[in-house]
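The values are calculated or read from the model by the stated rules, or taken from the named source; none is laboratory data. Here the structure is a predicted model, which means the values were calculated and not measured. Don't worry about glycine lacking a Cβ; one is built from the backbone with ideal geometry, like all the others, and counts go over all protein chains shown. Ligands, DNA and RNA are excluded from the accessible area calculation, which covers all protein heavy atoms including side chains. Shrake-Rupley method; radii C 1.70, N 1.55, O 1.52, S 1.80 Å.
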Amino acid sequence: MAGDPEPRVFVDRHDAGAALGEVLGPGVGIRPLLLALPRGGVPVAWEVARRVGGRLDIWLVRKIGAPGRPELAVGAVAEGGFRIVDRALVDRLDIDDEDLDASVDRAVRQLAARRAAYHDRAPPALAGREVVVVDDGLATGATAHVAVRSVRAHDPARIVVAAPTGSREAIDLLSGEADDVVCVTSPEPFGAVGAWYDDFSPTTDDEVLRLLASTPSLLARREDLQRPPRPEAGPTGPDHG
């Protein structure tokens, strides 16, 4: 893991992506495939792509929220029908099977709706590629965990998980699945991802589509970069694990 363990608060996801690109750059090869986890991971990965080059795409993952506490991930579902459930957390929260099944079904429906919102965008080919899975933060690591496992099934050459900020618990979990985990900062105690951003406004589906349509294709110097136009606030909320 590269990065600074000291606490750092980012201005917004674009600022965080710029910092992540600087830290990640030396650790990846030429033109990796950057897979952003929508929605919040997309503006972060967009900035990373401007600094390390490579192709930007998305990998659809939805967290399975705890019944009555949807912000708390007890697992996640991903492309291709992959799912992971944290049984230890489920048992600790005393969640019964019926309620858990309902939460899983809800996540599956949300993933299908997200795919439709992105015009049924086909998943990219992963075989033999260096893949960097990018999110805006790693709290429990559950979302990135299922993303890595589902990506691994497509036989990539190497998988790196990258996020501006992450808990040490999540980093340890993902280090057992990915070939490398890169965070700019890993503060403890961690709390919520949004605590490490001044502006953690929701990323909208329109912003995701706009950024994917304007994916940078060339490595550029940081001082030459300009941010994309700020999107209007939307009703949708952030996604992170």
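So that you can scan it fast, the table gives a plain yes or no per residue for (1) in contact (Cβ under 8 Å) with a residue 60 or more places away in the chain; (2) more than 17 Å from the chain's Cα centre (by Cα); (3) within 19 Å of Glu71 (Cβ to Cβ):
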site	(1), (2), (3)
Arg106	no, yes, yes
Ala112	no, yes, no
Arg121	yes, yes, no
Gly128	no, yes, no
Arg152	no, no, no
Asp155	no, yes, no
Ala162	yes, no, no
Glu169	no, no, yes
Asp180	yes, no, no
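Please verify whether segment 131-148 includes one or more residues that are over 22 Å from Gly27 (Cα atoms), open to solvent by less than 60 Å² (accessible area, probe 1.4 Å) and not hydrophobic (A, V, I, L, M, F, W, C).
Checked against the condition, which is being over 22 Å from Gly27 (Cα atoms), open to solvent by less than 60 Å² (accessible area, probe 1.4 Å) and not hydrophobic (A, V, I, L, M, F, W, C), segment 131-148 yields at least one hit.
Ala19 passes all but one of (1) at pLDDT 95 or above; (2) within 26 Å of Ala78 (Cα to Cα); which number fails?
(2)
How do the pairs read when you match residues in segment 203-225 that are open to solvent by 80 Å² or more (accessible area, probe 1.4 Å) with residues anywhere that are modelled with pLDDT of 50 or more and assigned to a loop (DSSP other than H, G, I, E, B), using Cβ under 7 Å and keeping only pairs 6 or more apart or on different chains?
Hits for this filter: Leu218/Gly53; Leu219/Gly53.
For residues in segment 48-68 being of a type in the set (D, E, K, R) and open to solvent by 10 Å² or more (accessible area, probe 1.4 Å), which is modelled with the lowest pLDDT?
Among them, the one singled out is Lys63.
Within segment 38-47, can you find the residues that are modelled with pLDDT under 95 and touching a strand residue (DSSP E or B) at 6+ places or on another chain (Cβ under 7 Å)?
Pro38
Within segment 75-90, is even one residue within 22 Å of Val146 (Cβ to Cβ), at pLDDT 95 or above and surrounded by 15 or more Cβ atoms within 10 Å (Cβ to Cβ)?
For segment 75-90, residues within 22 Å of Val146 (Cβ to Cβ), at pLDDT 95 or above and surrounded by 15 or more Cβ atoms within 10 Å (Cβ to Cβ): present.
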